[in-house]
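Quick notes on the structure that follows.
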Amino acid sequence: MERVNLRSFKQKSRHHKKAFRRFLGKIEKNPPRGLHKMAEEIDKEVWAETDCLSCANCCKTMTPTFTEKDIKRISQHLEMTPDAFKSKWLHFEKKDKDWVNNKQPCQFLNLKDNKCSIYIVRPESCAGFPHLTKKKMVDYIHVHQQNVEYCPATYKMVEKMMALIEI
């Protein structure tokens with residue numbers, strides 16, 4: 001498993017962002033046969049190569065959404081009421097109707113070792129990130145188009161797909 005050089009990744013992702021998004025848009029409109037099976041195979045390769053703890057860019061630059069179930073579970077773990085947890089750490093985004101972090105990087109991220117202090121009770125959106133094979137590939141391409149610039153695993157997945165699929 002290779003460590004992520006975050007600076008290098010950011011440069012690469014910035015340079016390739018448009019091409020990757022264009023590629024994903026094309027396969028969304030005209031998905032090749034066996035796309036999801038291919039994504040599942042690539043997913044295994046990507047995770048054998050990616051060390052999330054050397055990166056944590058998602059925790060540094062994005063915010064998870066917190067469901068009411070997440071809030072209840074995490075607040076219990078922190079021995080707080082859900083209202084106290086929300087008041088201290090979150091705000092409600094009216095536009096998307098989501099509870100999100102007040103600040104970035106995430107308040108639960110230890111910047112020294114990139115570990116999450118609430119890992120065992122983390123929000124579902126964190127547990128599933130970057131959602132490479134969460135749903136059928138074609139149904140989640142819009143998420144991958146966003147994540148390709150934040151997540152080295154998503155970047156690697158799209159890079160590997162581009163090498164296999166001619167468009």
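The values are calculated or read from the model by the stated rules, or taken from the named source; none is laboratory data. The shown structure was predicted, so the numbers you read here are calculated from the model rather than taken from an experiment. For neighbour counting, all protein chains shown are included, and Cβ atoms are generated from backbone atoms with ideal geometry for every residue, glycine included. The area values use the complete protein model at the heavy-atom level, side chains included, leaving out ligands, DNA and RNA. Shrake-Rupley method; radii C 1.70, N 1.55, O 1.52, S 1.80 Å.
Listed by first and then second residue, the pairs with beta-carbon distance under 9 Å, at least 6 apart or on different chains, first residue in region 7-26 and touching a residue at least 40 places away in the same chain (Cβ under 8 Å) and farther than 22 Å from Tyr140 by Cα, second among the basic types (Lys, Arg) and open to solvent by 80 Å² or more (accessible area, probe 1.4 Å), form an empty list.
Only one of the numbered conditions (1) touching a helix residue (DSSP H, G or I) at 6+ places or on another chain (Cβ under 6 Å); (2) small (Gly, Ala, Ser); (3) at positive phi is not met by Gly34, and that is (1).
So that you can scan it fast, the table gives a plain yes or no per residue for (1) modelled with pLDDT of 95 or more; (2) farther than 14 Å from Ala56 by Cα; (3) assigned to a helix (DSSP H, G or I); (4) of a type in the set (Val, Ile, Thr):
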residue: Ile120; (1), (2), (3), (4): yes, yes, yes, yes
residue: Cys126; (1), (2), (3), (4): yes, no, yes, no
residue: Leu132; (1), (2), (3), (4): no, yes, no, no
residue: Val143; (1), (2), (3), (4): no, yes, yes, yes
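Filtered by the rule that a residue be in a helix (DSSP H, G or I) and hydrophobic (A, V, I, L, M, F, W, C), region 145-165 gives Ala153, Met157, Val158, Met161, Met162, Ala163, Leu164.
Of the helices (runs of 4 or more DSSP H) lying entirely inside region 1-106, those containing at least 1 residues that are open to solvent by 70 Å² or more (accessible area, probe 1.4 Å) are 6-29, 35-49, 68-77, 82-89.
Within region 118-134, the set of residues being open to solvent by 30 Å² or more (accessible area, probe 1.4 Å) and β-branched (Val, Ile, Thr) comprises Ile120, Thr133.
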